[in-house]
Structure formats: C-alpha cells, structure tokens
Amino acid sequence: MGQSPSTATAPSLDFIRHQISPMPPNNNDADYTLHLPDDCLATIFHFLSAGDRKRCSLVCRRWHLLDGQTRHRLSLSAQPELLDFVPSIFTRFDSVTKLALRCDRKSPSINDDALILISLRCKNLTRLKLRGCRDITAEGMAGVGDNCNRLKKLSVASCMFGAKGIVTAVERCAVLEDLTVKRLRGVHDSTEVSDSVASSLKSICLKELVNGQSLVPLIVGSKRLKSLKIIRCLGDWDGTLEKVGWFNDGLSEIHLEKIQVGDVGLGGVSNCSKLETLHVVKTAECSNLGISVVAERCKLLRKVHIDGWRTNRIGDDGLIAIAKHCPNLQELVLIGVYPTSVSLALIASNCRNLERLALCGIGTVGDADIECISAKCIALKKLCIKGCPISNIGIGALASGCPNLVKVKVKKCRKITGKGVEWVREQRVSLTFNYDDDSEVEALDGSGSEGVGGAQESTVEFMPTNIMNHGTVSDASSSSNNVNNRLTAFRTRFGFLAGRNLVPCAFRRLSNTDDVSNSSYS
C-alpha cells in the first residue's frame, strides 16, 4: 500500500519569510527547525520525493503529525486486510482528497463494507481510482456517491460491478465531471439513465470494454459533455456517434481509436459544431468522405490526429477539406496516410496558424513537400518527421524557413545523414534538433491512449502494520524500479513486435510549455 507526495499549493515565499522567526545565536546543538512554522515545513515537504517525505515523517512527532495533516494523496493496496486498518490510516491522513485503491487481479480485494467505511472517513475526496477491486458491487459504489459529495473525478478499471455500479455512483455524485472506465467486467446489463443523472459530466473515457454500448445512455444523457474518448471497445459505434451528434452538440474533443466506426459515425460527429480536437486512430472503415464531412461542418477544429493504418482510405481529398474549411488548425498529426504535394501545399498555405506538425510513416512525402512547408508554414513551432523518404535537401530547407520553428525531431529517415543535420544546427543555433539515425525496424503506431486518465503517479508502499506498530512507511520504489527495468529491456529487444507508440514520440519530448493533451501524446 502506498502514498504519493501531496500536491497542495505551496505558500508564497514572501508569506514564508514573514512567518520565520529570528534565529538564535550559533549553537551546534540547536534545532533550528523549531523556529520554522508549520506552514513553512509543509511547503518544504511539498518539494520532497515520496521516499524523502516518508523518512522526514520519522524524524520527530511534530514532523510525523504535520506530514499526515498535509498529505492530500494516498495510494493503498486494496486487499481485504485493509479494512482493519482504515480507522488508523485515515486518522493520521485526515486531509486526503485524492485516493487510489489498487489490487492485483489474481488476489481478493476489499469489499463493499471497506469501501463504504473509507468513503465515510474521506468525505472531502475529489478524485478516486479503483483498480482490480473485483469484490466491490453497485452497493459499494452507491456508498461512495452518498458519502463523497465533492467527488469530481472517478476512474475504475478491472472491476466487476458493471454499468449499474457506474450509473449508481454517477447519479449520486452531483459534481462529478470526469469518468474513466477501463476493462470493466459485468457491463452486459443495461441501465436506464434519466436526463438529470449525468448533468455534471464533462469528460467520459471508455477503454477496452467488451460491451461498452451498455453505457451509451449515460453518454447521451450527459448534456454538458465536452470530451468523449472511445478506445479499443468492441461493437459497432456508428449508431452511438449519431446519437451523440444529435444530443451532445457541445462536444469539443472526440477520440476514436481501434473501434468499429465508419463514415456514418463521422457524419454524426460532424453535428458537433463546436468540435476543436479530433483523433481518428486506426479505424479501418473511415475514409476521405467522413473526414471531409467533419471538416466542412466543424470549422473550429484546432487539433487533428489521423492514423490511417495504411489502409489507403484517407488521403488528399480528406486533407484538402481540412485545409479549406479549418483555418484555425494548430496541430496536425498524420500517420500511415498517403497525401501528395497537392494537399500538403494547400494545408501549408491555408492553415496559417499551424504550430505543430507530425508526418510519420508516409511514403509519399518528399523533399519538395518539406521545402513547401518550410516556405509557407510561418507559425510552425514544432515539426516531427518519422519514417519518411526525406533527404538532407529537405531538411536543409529548415535552415532558412519556418521563422518561428523551435524544435525538430527526425527519426527513421534513412536518407538523412548526420552531416545534413549538423549543417542545419550550425545555421540555426537556437533550434533544438533531435535526430535519431538508428535504422532498427520499428512499428509505426499512432495510439495515444496509454496515458488516458492521467499521468502515472509516483507512490511508495504503505504498510498498515507498520503504522500501527512503528509509525513507519515502507518504500516500494526499488521493486517498482526493478519491474520497470525488466519492461524496458523487453521493449528494447522486442519493440518491433510489441508496437511502440508513435504520437508520444512525436511531441512528448517537444511539448514542454504548450497545452498538449495527455491523451494526445501521453
């Protein structure tokens, strides 16, 4: 069981200076921390890692008490034994607002009684994550909804309570805004959803569901919905997206990845006139027709990601429609599609606000296209080229074009040499140029969904027996690092079989200041 560092807002430095009392004369045996107010110590704890903060909590009773009072995030192992230690844990950590309960899928988990008891002790929760809690039913979720009235974000994965448990929690959480459901078992039941049940939901993410259609009433009933992500869910989603277009026209972000959807579904999406972000990733039935309809009706589009999966169904016609009807386009990611110089030139000419561009696994892009982009994309700041037949001639055009260009990433372009890259670097010293000349075969994957639901948390293991007997917190970082090292070694050796994510490679390292969605490049 573990906990991660608190994310409370740190007081200003001016406030801290006024709180610190004058230090006594030099004395080697003096404890100067006695003169630090609690607010100052809490600020220092805020900047410590989980392990360091745990060790600091063992220094003295004051630090131990202060650590518990100012820690707002906990991650606990949700095994049945947790029930006996809930009172002691949440007596010490009485300010928790973000809680994660995780259990191994092969182990028994906490039941409804434990979850309800936790919800009674954590009435200020704003975020709750449940992972592998297979013994929790709809009754436990009802308890969460009744007791945690401030809950704004709910994420569940590998649980067994089905759509009934989700709807039960949603209808009781009046301020719930973000819902993520992943690998949910027991979703075959259908549940009626009234219009007022999901009135506060703004974001819904469904991932790896066998029968995600059981949650369609919840989606359609969310009148304030702004973001919808459907990723690797079975079933035909055309009809669902048609309903979404009719009843949820306020949507601003839609992410469709590896699902059965075609131009009919995209036609429904096109009714969302306020749409700003569109991800169409590995949807084999989508074609130029569907992309064109969305571009014609959704003129506010700012971010478009298209992974054509090399099916040759999306090409010039769809991209020309985007160029003609989406003048506000700021970010464009193209993977495994087949545009020609006609559509790329039109995008470069018409989309004057284009700031981020990624061209990956596109065999039809050549030096002339990069020269055109360099000459016409005045606002371009970040460029990623991967697996394209570009040579030093095309890259050389970047030395004098794109005056606002800040970062460039080139990978798996075998015709580009180190000399060509060095020449560009010499011409534009301020340009950050990431170049990888590795010729290893790598799968071009546009999946950007591994990070859906938020960034990974750094947690340390929290053993309730230690809290009860010794007041200590055990660090699990070493075991976690060993697992990560083994996974890294495996991916390094077998990456061409596992299929690496491409979009994360495109902008994850480049996006330090821009507001790029985690779901986009995570």
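The values are calculated or read from the model by the stated rules, or taken from the named source; none is laboratory data. Source: prediction; values computed, not measured. Cβ sites come from the backbone with ideal geometry, for glycine too, and all protein chains shown count toward neighbours. Calculation scope for accessible area: heavy atoms of the full protein, side chains included, ligands and nucleic acids excluded. Shrake-Rupley method; radii C 1.70, N 1.55, O 1.52, S 1.80 Å.
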Förster-model FRET efficiency, 35 Å R0, Leu48 and Asp437, C-beta, rounded to 0.05: 0.30
Relative contact order (%) - region 259-325, alpha-carbon pairs under 8 angstrom, separation at least six: 38
Prolate/oblate/rounded call for region 34-81, Cα gyration tensor, a/c under 1.5 rounded: prolate
Given a 1.4 angstrom probe, what's the average accessible area per residue across region 236-357, in square angstrom? 34
A student applying the Cα gyration tensor rule (rounded when a/c is under 1.5; otherwise prolate if a/b is larger than b/c, oblate if not) would label region 259-366 oblate
Stretched fully, the stretch from Thr91 through Ala30 gains (0.36 nm per residue minus C-alpha distance, one decimal, in nm) 18.8 nm
Inter-probe distance in nm under a simple model that places probes 7 Å from Cα toward Cβ, at Lys274 and Leu234: 3.5
Hey, which of these cross-link pairs are over 20 Å Cα-Cα: Lys98/Lys153; Lys381/Lys415; Lys153/Lys303; Lys153/Lys202? Lys381/Lys415; Lys153/Lys303
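Shape call for region 96-231 from the C-alpha gyration tensor, a ≥ b ≥ c root eigenvalues: rounded (a/c under 1.5), prolate (a/b greater than b/c) or oblate?
Oblate.
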Can you figure out the FRET efficiency of Lys415 with Arg352, using R₀ = 30 Å and their beta-carbon distance, to the nearest 0.05? 0.50
